[in-house]
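Asks: So that we are looking at the same thing, I have put the structure below in structure tokens.
The values are calculated or read from the model by the stated rules, or taken from the named source; none is laboratory data. Everything quoted here is computed from the prediction, not taken from an experiment. Positions of Cβ are generated from backbone atoms using ideal geometry, with glycine treated the same way; all protein chains shown enter the neighbour counts. Ligands, DNA and RNA are stripped out before the accessible areas are found, and what is left, the full protein with its side chains, is counted by its heavy atoms. Shrake-Rupley method; radii C 1.70, N 1.55, O 1.52, S 1.80 Å.
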Amino acid sequence: MLSLFNAKTTTRLQSWGHYPQLEPMAVVPVFWLSDLPDLAAFEQPVLPFAYGRSYGDSCLNEGGVSLNVSYLKRFISFDPKEGLLRCEAGMSLADILQVVVPRGWFLPVSPGTKFVSVGGAIANDIHGKNHHKAGTFGCHVTRFEVLRSNGERLLCSPYENRELFCATIGGLGLTGLILWAEFRLKPIVNSFIDIESIRFSSLDEFLQLSADSDLDFEYTVSWVDCLCGGSKLGRGLFMRGNHNRSQEYSARRMPAKLPLVIPFDLPSFTLNTLTVKAFNEVYYHKQLSKVVRRVLSYEPFFYPLDAIEQWNRIYGKRGFLQYQCVVPFDNGGEVMKELLRRISRSGEGSFLAVLKTFGDVPSTGMLSFPQPGITLALDFSYRGKKTLQLCEELDGIVRQSRGRVYPAKDARMSRESFQTYFPQWHEFERSIDPKFSSSFWRRVVPTV
Amino acid sequence: MKVMILGATSAIAHETTKCFARDSAELFLVARDEAKVTAVANDLKVRGAKRVATFVLDLSELERHQEMFDSALTTLESIDMLLIAHGTLGDQRLCEQSVAETVQQFNNNCTSVISLLTISANYFEQQRHGCIAVISSVAGDRGRQSNYVYGTSKAAVSSFLQGVRNRLYKAGVCVVTIKPGFVDTPMTAHLKKGPLFASAHSVGEGVYRAMKQGSDIVYLPWFWRPIMLLIRSLPESVFKRLSL
């Protein structure tokens, strides 16, 4: 009782994977754009932090200063003619959707969770199910302002401070503190999505479906069963969708559902090969016919996991690793099969495995992850060396195929891998603010 | 609906005002920092407020209260809801060493509120409808060594509100005493956050609901009501030994 009153529990900053656990020396809140901290006064390196939805250590700053920007969540302006929205960098996409969807607007690019900040969306140049049509989030950003540690506030756009603009998009928060951003929303008729879900039995069928769908469907994504090898290798469900355009749906409101909450870390045996295999078997066969069509509200389509608050706790205390790579189309099918074979052989993969093809809309960011090709994202419950070894093996295949691994989701890639995936890091380094650094960056780039 | 918010840049007040903006209300915001109140006003415009006017004033300047209130009436023509949300947490240790600091804290959190209530109660009594809500605190329910200067000013505010509520009941005006517990706001940024901390968002929405319903005394979140009942019922001979 007394300790409850005195409220001495510390706030811990964790990334979404709960691995690694790294503590900053201090957490400094930023409340107002008109009342910014003097970054030069900090002795330790600084890094912005909002909602901790990056999976690994790219948002962590061990021993440094984390700037908590989650209080910077005010709208600045909205131009309904152009669909141009300007807001502070700590605003979450969830907050934006709540205000703009009822007025007939939608995010230009939606990641798999709406609980990310606008600043984080830019710093990781996030992508979504419409990458083949719309490119990355950064493609829709028209302007933002960056605070550098020398106190300068720099407006960045394709026309002003262009190099800093391109370096900050996908720049992992290292180029200074993004204060606010302006980006283009897109008009919608209602908040519903027409969805087709198609079962596929192999990776080749997935690639064919992707090729057939990319033109007519704005959104595509697939779930893949990563535990099945042999003849069932690469089986899954292909989902494709478009915004519903009928006026009839405009008046409909989906009843607000309370999210399920996972209140504590589940015991580590919850997820094992058997339970995941069983889940996958049921999930693959959940639709009886090969193709199922339905109309769904945008939330379960874009953010199915947001319905379970803190779903990351199903992996227990030791956390998990997320692995997302992209391999170029050229021989990509074979490379992806090899990756899936390795994963199914290890028996490590989880039920949350996603396949998608990236299109050729060029990313604005210097260090952006997406490139044309096939991307695979999945979770591995963290089991120490074994898991790290498997990821390293996968890295070997990705390196050879001239692919990449996504820094926002990484907690373990080697220096060699990073520098092979992103040879432009040398050029990027010029734009880094001398006061900014992250645990990720110190890990993948040698300090001078 | 026409809503006047005093201390509009406080995190709880802003969250409450967002709810009024969603209802397309007309807003009159008062705060002492021009840049901050402008940032809040812009946010509320995007969120749907029909109109947002701002007035820059340090509410410890009692002599300007009437001028501010008149300005709000000129702008909005009438006021349906008034939320008084300004305040400072102060430094208890500093107060113990300085009479001036103690009086200053008391003036910030209590005297200014009493002045504002005196002016607005007369207005609402004549108008014969509307709602006055004030953010007091659970800290006013019992004096504790860790922040009794703040607590005393909030206790005075709570008592004053009981009287005003009693007086305005016949006029059909609601007077709402809001008693939040620990809230995660800039005011408490220096404190380490324990399990009893609530978000400004949930407390702000609670204030909005209480104002719409015309409640009397509201604890936010609700669990502070039984906690404070327990705290209040401890005999002083026991309570004085605790380090609360």
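Asks: Heavy-atom accessible area per residue, the range B:1-79, 1.4 Å probe: how many Å²? Intermediate values should be presented prior to the final figure.
Replies: Details: 2940 Å² over 79 residues.
Averaged over the residues of the range B:1-79, the accessible area is 37 Å².
Asks: While we're on this one: Take the alpha carbon atoms of the range A:166-224, find their center, do the same for the range A:51-86, and report the distance between the two centers in whole angstrom.
Replies: Rounded to whole Å, the Cα centres lie 20 Å apart.
Asks: Can you give me the C-alpha center-to-center distance between the range A:375-448 and the range B:210-236, rounded to a whole angstrom?
Replies: Value for the Cα centre distance between the two parts: 52 Å.
Asks: By per-residue mean of other Cβ atoms within 10 Å, what is the highest-first order of A:390-397, A:115-122? Intermediate values should be presented prior to the final figure.
Replies: Working: A:390-397: 18.1, A:115-122: 26.8.
Result, highest mean first: A:115-122, A:390-397.
Asks: Can you give me the Rg/Rh ratio for the range B:2-239, using Cα atoms for both radii and the Kirkwood formula for Rh? Write out the running numbers ahead of the final one.
Replies: Details: Rg = 17.1 Å, Rh = 18.0 Å.
With Rh from the inverse mean 1/r over Cα pairs, Rg/Rh is 0.95.
Asks: Could you tell me what fraction of 2.2 N^0.38 Å the Cα radius of gyration of the range A:281-353 comes to, as a two-decimal ratio? Please list the in-between numbers first.
Replies: On the way: Rg = 16.0 Å, N = 73, 2.2 N^0.38 = 11.2 Å.
Rg over 2.2 N^0.38 Å, computed on Cα atoms: 1.42.
Asks: Using per-residue counts of other Cβ atoms within 10 Å, averaged over each peptide, order B:83-90, B:111-118 from highest down.
Replies: Put in order of decreasing packing, that is B:83-90, B:111-118.
Asks: Let me ask you something else. For chain B, compute the number of Lys pairs whose alpha carbons are separated by less than 18 Å, excluding pairs fewer than 8 positions apart on the same chain.
Replies: So the count works out to 11.
Asks: Which FRET efficiency, nearest 0.05, do B:Lys192 and B:Glu236 yield, Cβ-Cβ r, R0 22 Å?
Replies: Values: r = 29 Å, r/R0 = 1.31.
Efficiency, from the Cβ-Cβ distance: 0.15.
Asks: So what's the net charge close to B:Arg225: Lys and Arg +1, Asp and Glu -1, counting the other residues with Cβ under 13 Å from its Cβ? Mind showing how you got there, number by number?
Replies: Numbers: positive: B:Lys179, B:Arg232; negative: B:Asp141, B:Asp216.
For residues surrounding B:Arg225, the net value is 0.
Asks: Give me the dipole magnitude in Debye, nearest 20, for chain A about the Cα centre, with unit charges on the beta carbon: positive for Lys and Arg, negative for Asp and Glu. Could you put the intermediate results ahead of the total?
Replies: Numbers: 51 positive and 45 negative charges, 224 e Å.
My answer is approximately 1080 debye.
Asks: Let me ask another. Computed FRET efficiency, Cβ-Cβ of A:Glu196 and B:Met1, R0 56 Å: what is it to the nearest 0.05? Working shown, then result.
Replies: Working: r = 45 Å, r/R0 = 0.80.
It comes out at approximately 0.80.
Asks: Sticking with this structure for a sec: For B:38-50, what's the mean count of beta carbons from other chains sitting within 10 Å of each residue's beta carbon?
Replies: Numbers: counts 1, 8, 2, 1, 7, 9, 2, 4, 11, 6, 3, 0, 0.
Mean number of neighbouring Cβ atoms from other chains: 4.
Asks: What Cys residues in the protein assembly as shown are without a partner cysteine, judged by a Cβ distance under 4.7 Å?
Replies: Lone cysteines by the Cβ rule: A:Cys59, A:Cys87, A:Cys139, A:Cys156, A:Cys166, A:Cys226, A:Cys228, A:Cys325, A:Cys391, B:Cys19, B:Cys95, B:Cys110.
Asks: Roughly what % antiparallel, to the nearest 5, for the DSSP beta bridges in the protein assembly as shown? All intermediate terms of the calculation are to be shown ahead of the outcome.
Replies: Values: 63 of 104 bridges.
Bridges in the protein assembly as shown are about 60 percent antiparallel.
Asks: Determine the shielding of peptide B:191-198 by partner chains: average, over its residues, the number of Cβ atoms on other chains within 10 angstrom of each Cβ.
Replies: Numbers: counts 3, 6, 5, 9, 4, 4, 3, 0.
The per-residue average across the peptide is 4.
Asks: Using the basic label-point model (7 angstrom from Cα toward the beta carbon), what is the B:Leu229 to B:Ser202 distance in nanometres?
Replies: Simple spin-label model gives 2.0 nm for this pair.
Asks: Chains B and A: what accessible area do they bury, summed, in square angstrom to the nearest 100, with a 1.4 Å probe? It would help to have the intermediate numbers written out before the result.
Replies: Numbers: alone 11710 and 19650 Å², together 29010 Å².
Using a 1.4 Å probe, the pair buries roughly 2300 Å².
Asks: Quick one: angle between helix B:224-233 and the longest Cα principal axis of chain B, in degrees between 0 and 90, rounded to 10, please.
Replies: Taking Cα atoms only, the helix is inclined about 40 degrees.
Asks: A further question on this structure: Within the range A:192-412, count lysine pairs with alpha carbon atoms under 25 angstrom apart where the residues are 8 or more positions apart or belong to different chains.
Replies: 29
Asks: With a Förster radius of 51 Å, plug the Cβ-Cβ distance of B:Glu77 and B:Ser243 into 1/(1 + (r/R0)^6) and report the FRET value to the nearest 0.05.
Replies: Numbers: r = 52 Å, r/R0 = 1.02.
Computed FRET efficiency for B:Glu77 and B:Ser243: 0.45.
Asks: With the dipole of the range B:54-165 worked out from charges on the C-beta (+1 for Lys and Arg, -1 for Asp and Glu) around the Cα centre, which of B:Gln105, B:Ile119, B:Phe69 lies farthest toward the positive end?
Replies: Result: B:Gln105, furthest along the dipole toward the positive end.
Asks: Rank A:Leu352, A:Gly56, B:Val134 by how far each Cα sits towards the positive end of the charge dipole of the protein assembly as shown (+1 on Lys, Arg Cβ; -1 on Asp, Glu Cβ) and give me just the farthest.
Replies: The listed residue farthest towards the positive side: A:Leu352.
Asks: How many partner chain Cβ atoms sit within 10 Å of a residue's Cβ in peptide A:33-40, on average, as a whole number? It would help to have the intermediate numbers written out before the result.
Replies: Values: counts 3, 6, 4, 0, 0, 0, 0, 0.
Partner-chain Cβ atoms within 10 Å, mean over residues of A:33-40: 2.
Asks: Could you give the length gained by full extension between B:Arg64 and B:Ala35, i.e. 0.36 nm per residue of separation minus their alpha carbon distance, to one decimal place? The partial results should precede the final answer.
Replies: Numbers: separation 29, 0.36 × 29 = 10.44 nm, distance 2.03 nm.
This chain segment gains 8.4 nm when fully extended.
Asks: Once you charge only the Cβ atoms, +1 for Lys and Arg and -1 for Asp and Glu, what is the size of the charge dipole of the range A:78-233 about its Cα centre, to the nearest 20 debye?
Replies: Values: 14 positive and 19 negative charges, 81 e Å.
Using Cβ point charges on Lys, Arg, Asp and Glu, the range A:78-233 gives about 380 debye.
Asks: Extension gain A:Ala251-A:Asp38, at 0.36 nm per residue separation less the Cα-Cα distance, in nm? Working shown, then result.
Replies: Numbers: separation 213, 0.36 × 213 = 76.68 nm, distance 4.87 nm.
Contour length minus Cα-Cα distance gives 71.8 nm.
Asks: Related question: Counting Lys and Arg as +1 and Asp and Glu as -1, each charge on the Cβ, what is the dipole of the range A:192-412 about the Cα centre in debye, to the nearest 20? List each step's numbers first, then the result.
Replies: Details: 29 positive and 25 negative charges, 147 e Å.
That gives the range A:192-412 a dipole magnitude of about 700 debye.
Asks: Give the relative contact order (percent, whole number) for the range B:14-135; include only Cα pairs under 8 Å separated by 6+ residues. Don't jump to the answer; show the numbers that get you there.
Replies: Details: 129 pairs, mean separation 29.9, N = 122.
That works out to 24 percent.
Asks: Taking a temperature of 10 °C and a viscosity of 1.306 mPa s, what whole-number D in µm²/s does Stokes-Einstein yield for the range A:56-164 with Rh from Kirkwood over alpha carbon pairs? Present the calculation step by step, with values, prior to reporting the outcome.
Replies: Values: Rh = 15.2 Å.
The estimated diffusion coefficient comes to 104 µm²/s.
Asks: Right, another one. Along the principal axes of its C-alpha atoms, what lengths does the range B:9-83 span, in descending order and rounded to whole Å?
Replies: 33, 25, 17 Å, listed from the longest principal axis down.
Asks: What are the semi-axes of the equivalent ellipsoid for chain A, taken as the square roots of 5 times the Cα gyration tensor eigenvalues, largest first, in whole Å?
Replies: Details: eigenvalues 209, 142, 106 Å².
Computed over chain A, the values are 32, 27, 23 Å.
Asks: Just grab the label-to-label distance for B:Ala53 and A:Asn331, each label 7 Å out from Cα along the Cβ direction, in nm (one decimal).
Replies: It works out to 7.3 nm between the two label points.
Asks: Sticking with this one: Label-point separation (nm) for B:Tyr148 and A:Ser231, each offset 7 Å from Cα along Cα-to-Cβ?
Replies: For B:Tyr148 paired with A:Ser231, the spin-label model returns 8.3 nm.
Asks: How large are Rg and Dmax for the range A:192-412 when calculated on the C-alpha trace, in angstrom?
Replies: Using the Cα atoms of the range A:192-412, the pair Rg, Dmax is 17.9, 55 Å.
Asks: Same structure again: How do A:72-83, A:341-352, A:167-178 rank on mean C-beta neighbours within 10 Å, highest first? Walk me through the numbers on the way to the answer.
Replies: On the way: A:72-83: 17.2, A:341-352: 18.8, A:167-178: 27.5.
Top of the packing list down: A:167-178, A:341-352, A:72-83.
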